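The values are calculated or read from the model by the stated rules, or taken from the named source; none is laboratory data. Computed from a predicted structure; not experimentally measured. Neighbour counts run over all protein chains shown; Cβ positions are idealised from the backbone, glycine included. To get the accessible areas, we keep the full protein, side chains included, count just its heavy atoms, and leave off ligands, DNA and RNA. Shrake-Rupley method; radii C 1.70, N 1.55, O 1.52, S 1.80 Å.
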Amino acid sequence: MTRPATLSRFSGFGRISKTSFTRHLNLAKQRKDLAQLTPSQLEDIGVTQAEAQREATRPLWDAPNFWYK
């Protein structure tokens, strides 16, 4: 039995663990939430709008490993 073309096309990619997937989803939500904070909320946590925008637009794989421990 052959695999459907849509699945075999991705056969070279490594599998992502459920834990890793959950971490990426959480990081995406946190970055989205950060992007939606008001200037006064950002000031409360000591982050400029430029810093928040830069962090919010980083790719999911661009996160230090120590964030996940």
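In table form, for the structure just shown:
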read-out	value
Restricting the range 35-69 to residues that are aliphatic (A, V, I, L, M) and exposed (fewer than 12 other Cβ atoms within 10 Å of the Cβ), the residue that is nearest to the chain's Cα centre (by Cα)	L60
Where G14 falls short, out of the listed (1) surrounded by fewer than 10 Cβ atoms within 10 Å (Cβ to Cβ); (2) at pLDDT 70 or above; (3) small (G, A, S)	(2)
Long-range neighbours under 8 Å by Cβ, at least six apart or interchain, first residue over 15 Å from R54 (Cα atoms) within the range 22-42, second open to solvent by less than 80 Å² (accessible area, probe 1.4 Å) and of a type in the set (A, V, I, L, M)	H24/L60
Identity of the residue in the range 19-62, part of a loop (DSSP other than H, G, I, E, B) and hydroxyl-bearing (S, T, Y), that ends up modelled with the lowest pLDDT	T57
